[in-house]
1. With charges set only on the Cβ (+1 for Lys and Arg, -1 for Asp and Glu), what does the dipole of segment 127-197 come to about its Cα centre, in debye to the nearest 20?
2. Could you compute the FRET efficiency for residue 178 and residue 262, with r as their C-beta to C-beta distance and R0 at 22 Å, rounded to 0.05?
3. Hey, what angle do you get for helix 200-212 against the long axis of the chain, alpha-carbon based, 0 to 90 degrees rounded to 10?
4. Could you give me D for segment 73-224, from Stokes-Einstein at 25 °C and 0.890 mPa s, where the hydrodynamic radius is the Kirkwood radius over C-alpha pairs? Units µm² s⁻¹, please.
5. Over what distance in Å are the Cα centres of segment 291-312 and segment 13-89 separated?
6. Looking at the chain, send over the antiparallel percent of its DSSP beta bridges, to the nearest 5.
7. Taking the alpha-carbon centroid of each part, what is the distance from segment 102-145 to segment 253-278 in angstrom?
8. Where does each of 127, 89, 63 land when they are ranked from fewest to most other beta-carbon atoms within 10 angstrom?
Amino acid sequence: MTRRILVTGASGFVARALISGKCADAEYVAASRQDAGVEGVAWRRSPALSGSADWKGIVEGIDAVVHLAGRVHLPAGEDASPYFVENCDGTFKLARDATAAGVRKFIFLSSAKVLGDESGATPLAEDAPARPGDPYAASKLAAEQALAGLGGAMHVTVLRPPLVYGPGVKANFLALLSAVARGVPLPFAAIRNRRSLLGVDNLAAAITACIESPAAAGRTYNVTDGAPVSTPELVRAIATGLGRPPRLFPVPPGLLEACGAALGRGEMVKRLTRSLELDDSAIRAELAWRPVCTFEAGIAQTARWYRSHADKPG
């Protein structure tokens, strides 16, 4: 019997990787504010995420919802309320409408940031104390807590990925790709941190495993590529994929952080200098999930996409 799977945030690069992958006996329905333009996939216009959004007509006849949509960034100077309206209230309203419509499974994409912005020497498991460091992370944690109290017959699974990369990636990872491609000297050679990362195809495979396995019901999982990498290792892998030399030079991490703080970019610099390592043994043991792509192959694929993207006019 074919399962109908609604994917919100369908115009994003995670959704595209999921929809283009393989899920046995699945028919995807894409939901986004603008037509996602995925060939061969039905599209539904999603309402703005809020506590009053009406999803009833969209979730009717759906077997599983994969909720990827959410607020990630706000313009500088704005208050944090849109994070909670969209990421918490909007998620809970979608889940309530899905429950009422008889949807059997709900996969929520949260964030490793609910556990904090750094791990120190010990990888963080799912039961580590929550330490959200910004409104985005706090709103994701609030959504997790709301879903835990939902009740009803629908099975909810929460995934907490670290930084996700892959073809179509944006924001800071795209900026790093650009810097390496342009040969910008980067002061990261002295950093010895440990960062968990996640390729988009591996995230898509984890979502599929959660849809297919009854063992995922009611569970929260960290998910990563596997072994963590340091910032200079990441730069070297990107440089290899781009066919460029890794132009790294050493600056003490403490000095980098001090300079970042003086420029008002302290938290961004700490993401480059400090560790955020996750323990994802639970999803591997309970769902027998394994990454479908190595870190090296995932970075090479991302670099190929970037080269193709950069070569296009405009």
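Every number in this text was worked out from the coordinates using simple rules, so none of it is lab data. Just so you know, these numbers come straight off a predicted model, no measurement behind them. Cβ atoms come from the backbone with ideal geometry, glycine included; neighbour counts cover every protein chain shown.
1. For segment 127-197, the charge dipole is close to 320 debye.
2. Calculated value: 0.35.
3. For helix 200-212, the angle is close to 30 degrees.
4. 142
5. Going from one Cα centre to the other spans 25 Å.
6. Just about 5 percent of them are antiparallel.
7. After rounding, the separation between the Cα centres reads 21 Å.
8. Lowest to highest Cβ neighbour count: 127, 63, 89.
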